[in-house]
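Participant: Before we start, here is the structure in question, set down as structure tokens.
The values are calculated or read from the model by the stated rules, or taken from the named source; none is laboratory data. Given the structure is predicted, the values throughout are model-derived calculations rather than measurements. Neighbour counts run over all protein chains shown; Cβ positions are idealised from the backbone, glycine included. Remember, those area values only see protein heavy atoms, side chains included, never the ligands or the DNA or RNA. Shrake-Rupley method; radii C 1.70, N 1.55, O 1.52, S 1.80 Å.
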Amino acid sequence: MENLHNLLINRRSIRRYKPDTLNPDDVRLILEAALLSPSSKSSRAWQLVVVEDRETLERMSQCKAAGSAPIAKAPLAVVVAMDCAKDDAWIEDASVASTLMMLQAADLGIGSCWIEIRDRYQADGTPAQEVIQELLGIPETMPIVSVITFGYKDEERKPQDVEKLRWENVHLGRWQGENS
Ligand SMILES: Cc1cc2nc3c(=O)[nH]c(=O)nc-3n(C[C@H](O)[C@H](O)[C@H](O)COP(=O)(O)O)c2cc1C
């Protein structure tokens, strides 16, 4: 296991993947990360759809006008849908689960990328969520927040530069800035 701070510096969105299938034990750990994540009132309302079928991934990659291409080349994608009737903080809870899966993947040396689905559309205005719900049989009462792609990295990304972090966005004690 890597030191968490190093992991956070080195984790970058990876959009190009080798075609190799992921180790099933690693996939299990990634899914466990979501199931272990904290949730509002412990509602645990995530519904994770795990997709490895190439043709389905290809079709999913066309769910929105831009930004979903990485799905086509990923060996694995996890759709994070939410049973929002059971969870009034469903966007937050989906986001936490998505993030923890990405961090677990990074710790295993697996690349990942968040593909935003909520409030995203195809060129003709069809919601990305509808495309994916229909393709995978997800009920329309279960909104989809993200699709997280996973795969062994086929691109190198530089670690983040801690010298360039936006410390100006941190306010100590009280708001400090132009309007203070
Ligand atoms: C809420 C959210 C939505 C995102 N949506 C997309 C997306 O639809 N397609 C994509 O390629 N990357 C997407 N990303 C990845 C961001 O572009 C990426 O995190 C950002 O450019 C910072 O780069 P890094 O992750 O390599 O540090 C998303 C990230 C977040 C957190």
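Participant: Which pairs do you get when a residue that is open to solvent by less than 80 Å² (accessible area, probe 1.4 Å), found in segment 18-38, comes within reach of a residue that is at pLDDT 95 or above and polar (S, T, N, Q), reach meaning Cβ atoms under 7 angstrom, with the pair 6+ apart or on two chains?
Facilitator: Every condition considered, the pairs that remain are L29/Q104; I30/Q104; A33/Q104.
Participant: Do we find that V131 is open to solvent by 40 Å² or more (accessible area, probe 1.4 Å), within 16 Å of the ligand (Cβ to nearest atom) and part of a helix (DSSP H, G or I) in this structure?
Facilitator: On the way: open to solvent by 40 Å² or more (accessible area, probe 1.4 Å): no; within 16 Å of the ligand (Cβ to nearest atom): yes; part of a helix (DSSP H, G or I): yes.
Against the criterion (open to solvent by 40 Å² or more (accessible area, probe 1.4 Å), within 16 Å of the ligand (Cβ to nearest atom) and part of a helix (DSSP H, G or I)), V131 does not qualify.
Participant: I've got another one for you. Considering segment 1-17 alone, what residues qualify as being in contact (Cβ under 8 Å) with a residue 24 or more places away in the chain and assigned to a loop (DSSP other than H, G, I, E, B)?
Facilitator: M1, E2, R11, R12, I14, R15, R16
Each row is one residue, and each column tells you yes or no for (1) assigned to a loop (DSSP other than H, G, I, E, B); (2) over 17 Å from E134 (Cβ atoms); (3) away from the ligand (no atom under 12 Å from the Cβ); (4) at pLDDT 95 or above.
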| residue | (1), (2), (3), (4) |
| --- | --- |
| E55 | no, no, yes, yes |
| C63 | yes, no, no, yes |
| A66 | yes, yes, no, yes |
| A81 | no, no, yes, yes |
| A85 | no, yes, yes, yes |
| S95 | no, yes, no, yes |
| L100 | no, yes, yes, yes |
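Participant: Filter segment 35-53 down to residues that are part of a loop (DSSP other than H, G, I, E, B) and of a type in the set (G, A, S) and give me whichever is farthest from the chain's Cα centre (by Cα).
Facilitator: Within segment 35-53, the first condition is being part of a loop (DSSP other than H, G, I, E, B), and the residues that meet it are 36-39, 43-45, 52-53.
When the remaining residues are screened for being of a type in the set (G, A, S), the result is 37, 39, 43, 45.
Numbers: S37: 13, S39: 16, S43: 19, A45: 16 Å.
The qualifying residue farthest from the chain's Cα centre (by Cα) is S43.
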